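The structure appears right after this line, and notes come after that.
The values are calculated or read from the model by the stated rules, or taken from the named source; none is laboratory data. As the structure is a computational prediction, the values presented were derived from the model and not from experiment. Positions of Cβ are backbone-derived with ideal geometry, glycine not excepted, and every protein chain shown enters the neighbour counts. These area figures cover heavy atoms from the full protein model, side chains too; ligands, DNA and RNA do not enter into them. Shrake-Rupley method; radii C 1.70, N 1.55, O 1.52, S 1.80 Å.
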Amino acid sequence: MDKRAVVDWVRPYVQAWGLHYLPEHLISIMRSILLWFAIQLLSHSVSPKLFPKSFANMSPRTRTSWDLHMVSLVHSVIVAPIALYYWLQIDESTDRLWGYDYTLAQVYALSLGYFVWDVIMSLRYEGFAFVLHGILGFIAALLVYKPLLMFDGLSVLIWELSTPFLNIHWALDKLGRTGSRLQLINAVFLVLTYVCVRLLLGAYASYRLIELMWASASTARPVSMSLRVIYTLGLPILNFLNYMWFFKMLQAIRKRFPSEGVKSKAS
């Protein structure tokens with residue numbers, strides 16, 4: 001595929017939306033979409049061979065859910081640590097609102113492709129909350145190619161640091177390790193990371209992002225009112241979903257580890 005031909009072809013269309021840097025990363029985004037579907041197919045093929053006893057008793061819907069969780073696991077393991085690394089490198093010289101970096105844009109391409117996959121899978125298999133989460137994530141990842149919030153937006157990708165533990169917790173249930181010591185240890189890390197990166201950092205970072213966008217109104221290059229409204233509504237919605245899922249997660253953990261004591265199982 002000729003990258004320059006693709007860039008030249010798509011540029012007039014995306015320029016109309018103000019996504020000035022999207023053409024340079026479009027092929028990476030397309031490859032990312034294919035990557036996540038490929039990982040889903042790979043999981044569908046390999047997982048039953050790795051866990052034949054567990055998969056023998058799984059329903060087709062559970063097998064599909066397993067594949068979706070494996071894609072989510074791989075995405076979070078790759079993207080979240082990279083986002084954290086670059087987020088920690090932000091200093092006073094960084095243009096937090098309009099700054100652009102090619103490497104960061106490639107990281108977002110990986111996540112943008114994932115959110116495309118996620119929205120498609122959520123529409124087919126999940127409920128409204130998951131579809132909404134995927135759409136908001138897709139919009140935020142797309143807008144960094146204006147560029148907008150490419151640096152401070154990393155704080156939202158960091159939320160994915162809790163996702164590996166969530167997927168492992170779910171997988172242990174399906175592998176017959178419910179209530180095991182391994183699941184208990186994983187649950188501790190799940191709760192700690194979820195509270196730190198989604199509930200605490202999530203609320204703080206969302207406030208800072210909204211504050212940054214509204215403060216631009218008094219500068220020479222303000223963020224449009226429509227985008228300010230989108231982020232002012234979208235970020236609280238994402239935080240609400242984080243809190244909602246947190247309490248559901250706590251209820252699920254309590255069922256696995258009742259107060260009278262956790263059954264000791266070999267990990």
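Can you name every residue in segment 215-236 that is surrounded by 14 or more Cβ atoms within 10 Å (Cβ to Cβ) and assigned to a helix (DSSP H, G or I)?
Scanning segment 215-236 gives 216, 227, 228, 230, 231, 232, 234, 235, 236.
Residues of segment 87-103 being out of contact with any helix residue (DSSP H, G or I) (no Cβ under 6 Å at 6 or more places or on another chain) and outside any loop (DSSP other than H, G, I, E, B), which ones?
Those that are out of contact with any helix residue (DSSP H, G or I) (no Cβ under 6 Å at 6 or more places or on another chain) and outside any loop (DSSP other than H, G, I, E, B): 88, 102, 103.
Within segment 167-175, is there a residue that is of a type outside the set (S, T, N, Q) and within 30 Å of residue 12 (Cβ to Cβ)? Working first, answer last.
So the first thing to find is which residues in segment 167-175 are of a type outside the set (S, T, N, Q), and the list is 168-175.
This time we only want the ones that are within 30 Å of residue 12 (Cβ to Cβ), so: none.
No, the conditions are met nowhere in segment 167-175.
Looking only at helices (runs of 4 or more DSSP H) that fall completely inside segment 111-212, which ones have 1 or more residues that are open to solvent by 50 Å² or more (accessible area, probe 1.4 Å) and touching a residue at least 60 places away in the same chain (Cβ under 8 Å)?
Details: elements: 128-143, 154-157, 163-174, 181-193.
Ranges flagged: 128-143, 163-174, 181-193.
Go through segment 1-46 residue by residue and tally those that are of a type in the set (Ser, Thr, Tyr), farther than 18 Å from residue 104 by Cα and surrounded by 14 or more Cβ atoms within 10 Å (Cβ to Cβ).
Residues of segment 1-46 that are of a type in the set (Ser, Thr, Tyr), as a first pass: 13, 21, 28, 32, 43, 45.
Still in the running and farther than 18 Å from residue 104 by Cα: 13, 43, 45.
Right, trim to surrounded by 14 or more Cβ atoms within 10 Å (Cβ to Cβ) and you get 43.
So the count comes out to 1.
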